[in-house]
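Single-structure report; data block below.
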Amino acid sequence: MRTEQEAISAIERYSDTVLRLCMVHLKNPTDTEDVFQTVFLKYVLSSVVFESEEHEKAWFIRVTINACKDWLKSLFRRRTVSLDELLDQPAAVEREHREVLEAVLQLPAKYRNVVYLHYFEGYTAPEISDLLNMKVNTVYTLLTRARGELKKTLGGDGDE
């Protein structure tokens, strides 16, 4: 079990990453908060010794993705309806940014993961392949396909 200071330090370092990953997967602020708490509770209760700060960050990313998947599969989640779905409130996001965000959120999970890690977290394809336990060429393929889907959805120009 970790000390309070270790937990606070981890929250300061990784809270943005965990929150963004949760939002990309869950598309719901309330569920995001629940999974966020779960991830940091797992951290506090875990006895994993990290080799480096990168190893620790990779652990948080992996645990967050798994926790989101578990949350989406849970029986509780399937039997409830989000208030966000009931209330059609416009987000405080600019129109052009909202379109991009909605397009990314509509991508299948395998594309969302690599797009998020590449464009928001700045990971390279080899680093993403290590984090997600897949081949580097698979990551490149998923990124290419995701870009194609986004181009179709957003209507990008054809000269790349």
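The values are calculated or read from the model by the stated rules, or taken from the named source; none is laboratory data. All values derive from a computational prediction rather than experimental measurement. When we count neighbours, we look across all protein chains shown, and the Cβ atoms used for this are built from the backbone with ideal geometry, even at glycine. Side chains are part of the model used for accessible areas, which takes the heavy atoms of the whole protein and leaves out ligands, DNA and RNA. Shrake-Rupley method; radii C 1.70, N 1.55, O 1.52, S 1.80 Å.
Details
- Identification of helices (runs of 4 or more DSSP H) wholly contained in region 52-155 with 2 or more residues that are within 18 Å of the chain's Cα centre (by Cα), at pLDDT 80 or above and not hydroxyl-bearing (Ser, Thr, Tyr) yields 53-73, 95-106, 109-115, 125-132, 136-154.
- Residue in region 5-17 that is of a type in the set (Phe, Trp, Tyr) and under 23 Å from His118 (Cα atoms) present: yes
- Taken together, the residues in region 1-22 that are surrounded by 11 or more Cβ atoms within 10 Å (Cβ to Cβ), hydrophobic (A, V, I, L, M, F, W, C) and touching a residue at least 24 places away in the same chain (Cβ under 8 Å) amount to 6.
- Test: residue in region 17-26 that is at pLDDT below 90 and either more than 25 Å from Asn133 (Cα to Cα) or outside any helix (DSSP H, G or I) (or both): no
- Looking only at region 23-36, and only at residues there that are over 12 Å from the mean Cα position of the chain (by Cα) and not polar (S, T, N, Q), the one that is least open to solvent (accessible area, probe 1.4 Å): Asp31
- Among residues of region 106-131 being in contact (Cβ under 8 Å) with a residue 40 or more places away in the chain and buried (at least 18 other Cβ atoms within 10 Å of the Cβ), the one that is nearest to Arg20 (Cα to Cα) is Tyr116.
- Some residue of region 37-47 being modelled with pLDDT of 85 or more, surrounded by 14 or more Cβ atoms within 10 Å (Cβ to Cβ) and not in a helix (DSSP H, G or I): no
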